[in-house]
1. Go through (1) outside any helix (DSSP H, G or I); (2) in contact with a Phe, Trp or Tyr (Cβ under 8 Å, 6 or more places away or on another chain); (3) open to solvent by less than 90 Å² (accessible area, probe 1.4 Å); (4) not small (G, A, S) one by one and return the number of the condition P258 breaks.
2. Which one is farthest from K277 (Cα to Cα), of the residues in the range 208-245 that are assigned to a loop (DSSP other than H, G, I, E, B) and charged (D, E, K, R)?
3. Can you tell me which of S55, S84 is loosely packed, with under 13 Cβ neighbours inside 10 Å and either over 25 Å from the mean Cα position of the chain (by Cα) or modelled with pLDDT under 75 (or both)?
4. Filter the range 87-134 for residues that are open to solvent by less than 70 Å² (accessible area, probe 1.4 Å), at pLDDT 80 or above, assigned to a helix (DSSP H, G or I) and over 17 Å from H29 (Cβ atoms) and give the result.
5. Residue check: is E274 over 22 Å from M168 (Cα atoms) and open to solvent by less than 30 Å² (accessible area, probe 1.4 Å)?
6. Go through the residues of the range 205-221 one by one and say whether even a single one is surrounded by 18 or more Cβ atoms within 10 Å (Cβ to Cβ) and polar (S, T, N, Q).
Amino acid sequence: MRKKSNILVGLLFLITLAIGAFQGTRVQHLRKSEAFYRWILASATQERMAWGSSSADYKDTELYKKVADAMSPKLPDVPVPADSKATEPVSKLGRAAGGGKESSSENDPLIWALAQSEEQAPLRDDFLAYARGGKLEFAKDIQYAEAQASGVSVFNLFFGFRKIAANMLWLQVDRFWHTGMLFRMVPMMRTVVTLDPNFVDAYLIGAWHIAYNATAKMMDTPPHLRKWHPTYKVCIGEKETYYYLAADFLKDGVRKNPRSYKLYFDLGFAVYKEKLKDYPN
């Protein structure tokens, strides 16, 4: 009986590993595709703005033309957006990403589908290789472009459960927001960054929810009703407490991601300046 039990446990473990491998591969694919997609939209904007004075050291223009040609047969033929400054004909991709006469996001689902398609895999790989080598000017601000550019290792395949769980929980955070259940968001967001401490966007969006969205309908606490907070060493009310919670959340992100300028910026500008009027900090 014990032998059968051990075999069953072993089979369950193997099944779990197989599921983890599949999910890990899927998450890697989506992250690479997302970086590629965001770069496409940024480059399409640059095409409509005549590319500015981009350095010859970068490969954005060369790679973008290849992507535009490859995607062209499956894109709608829309007019050039009114905001275009291009002096040369704008590609179908540039026009589709601009939206023509309709909303600028109208064709985004189609472009996203193409960006993650198997047909675009060679160009997607070229994009990731260029991004990793610092050869793309308009991929500098794409979070996963470099970090996820390397191949999926055995470790990522079989032991990436924490990142997978963090992504799944983050979807739940989004559901809480859209259903107005703000009180459930904060503990869930803390769980997300505990599982994946390098999930910078979770810190940024989480702090924004805490400092801005959660307090949007709250009145400022009158000075005479504020109470001394021993941790923050200041007299604050319920609304103001959220600002300090947002600062704490971003500080935790800074400690775990000290090279991310976005966290410093949001902490300094969005919280200390805009909300707390704490200009020295």
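1. The one condition P258 does not meet is (2).
2. Filtering the range 208-245 for residues that are assigned to a loop (DSSP other than H, G, I, E, B) and charged (D, E, K, R), the one farthest from K277 (Cα to Cα) comes out as K217.
3. Working: S84 fails: loosely packed, with under 13 Cβ neighbours inside 10 Å.
After applying the criteria, what remains is S55.
4. K92, L93, G94, R95, A96, A97, D108, L110, Y130
5. no
6. Scanning the range 205-221, I find at least one residue that is surrounded by 18 or more Cβ atoms within 10 Å (Cβ to Cβ) and polar (S, T, N, Q), so the answer is yes.
The values are calculated or read from the model by the stated rules, or taken from the named source; none is laboratory data. A quick note: this is a predicted structure, and the numbers were derived from the prediction, not measured. All Cβ positions, even for glycine, are placed from backbone atoms using ideal geometry, and neighbour counts span all protein chains on display. The protein model used for the area step is the full one, side chains on, heavy atoms only, and it has no ligands, DNA or RNA in it. Shrake-Rupley method; radii C 1.70, N 1.55, O 1.52, S 1.80 Å.
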